[in-house]
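Quick note: the coordinates plus some simple rules give every number you see, no bench work behind them. Treat the numbers as computed from the prediction; the structure is a model and nothing was measured. Ideal geometry is used to build each Cβ from the backbone, glycine not excepted, and the neighbour counts take in all protein chains shown.
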Amino acid sequence: MDYFQILNLQREPFSNSPEPDFFFQSDQHRGCLQKLELAVRLRRGLNVVIGEVGTGKTTLCRRLILNFSSAEKDGIETHLILDPSFSNTQEFLSAVALLLGLPRSADGESEWQLKENIKNYLFRKGIDESRTVVLLIDEGQKLPDFCLEILREFLNYETNEYKLLQIVIFAQKEFAEVLKSYANFADRVNQYYFLKPFNFRDTRAMIRFRIAKASGVDAAAPALFTFPALWAMEKARTEPRWNLAAAENLEFRHALECPLDHLQRAPSSLPILALHCVLLKRHEVGLNDAGDLSLDD
Ligand SMILES: Nc1ncnc2c1ncn2[C@@H]1O[C@H](COP(=O)(O)OP(=O)(O)O)[C@@H](O)[C@H]1O
Ligand SMILES: [Mg+2]
């Protein structure tokens, strides 16, 4: 039995994948999403979202794609580069051409030809068909200089009113430094968004939201976590590659099957502290009727 079934939930509430469905719109995420949507619709060109690991950039990016997928009628098409660690210009241009669905010739194209094909595509879509082409780049801190140079060239394709390619880059903080040393590119940024780690209030609201989603009912989420557990989770948020500390790691699943007295030893890490609190809470409120949990007094 999965741990979430033990908790009477229908789905895993804290999966570590960036599921747009589980995207909790804190004020800053909602604001960022709205501004990005607007900038894309107004065809302003380049937008950059910067934040530490775990601040929700990838989830936000997926959510944006989802929002635009229902905007197909508005003529918006999205293309995503998950990891831009390209080793040369040719490779990058070929990847973009492939994403845009451009036909390839058997002998391969020169850099010049690839750029021409991409340019023609953008003019055809943007002007003849009035469509909006969006290129989203996650892990933008990995963009090599030659890619920035190409993206800068793409941003030169424009009419008097708008850019023909919309670019949204999601990147970790190092990218801010890269931009400082590349003024030519930084000049093109329409808007920057800085995502801060959640504060306590948002952490608590997000956890409630995700549990409610996972329980499959719109009613208020069952209160599975105590105050100290929530506190522990907020602190854990700043850890590298943070995934909601209480639930998603193996320690948690393993520990759920442990008798409570195993956990009453001093918690060795924040996730375990959080888990400890979950179990104590379950113990208190008598939710622990699953046979395999020996949470006796
Ligand atoms: N606003 C949010 N709503 C729901 N879950 C979030 C949110 N922000 C982050 N998370 C969760 O935190 C983890 C890391 O998010 P992710 O989008 O991969 O961050 P980043 O790309 O900034 O490193 C994922 O498990 C994700 O589901
Ligand atoms: Mg990410």
Q) With a ≥ b ≥ c the root eigenvalues of the C-alpha gyration tensor of segment 162-211, is it rounded (a/c under 1.5), prolate (a/b larger than b/c) or oblate? A) prolate
**Q.** Efficiency of FRET between Phe200 and Gln141 - r from beta-carbon atoms, R0 30 angstrom, step 0.05
**A.** 0.60
Q | Computed Kirkwood radius, in angstrom, where 1/r is averaged over Cα pairs of segment 1-121 | A | 17.4
Q.
If you consider only alpha-carbon coordinates, what radius of gyration and Dmax does segment 92-193 have, in Å?
A. 14.2, 42
Q | Gyration tensor (Cα) of segment 101-144, equivalent ellipsoid semi-axes in angstrom | A | 20, 19, 9
Q | Sorted by Cβ neighbour density within 10 Å, fewest at the top, the residues Asp107, Asp138, Asp21 | A | Asp107, Asp21, Asp138
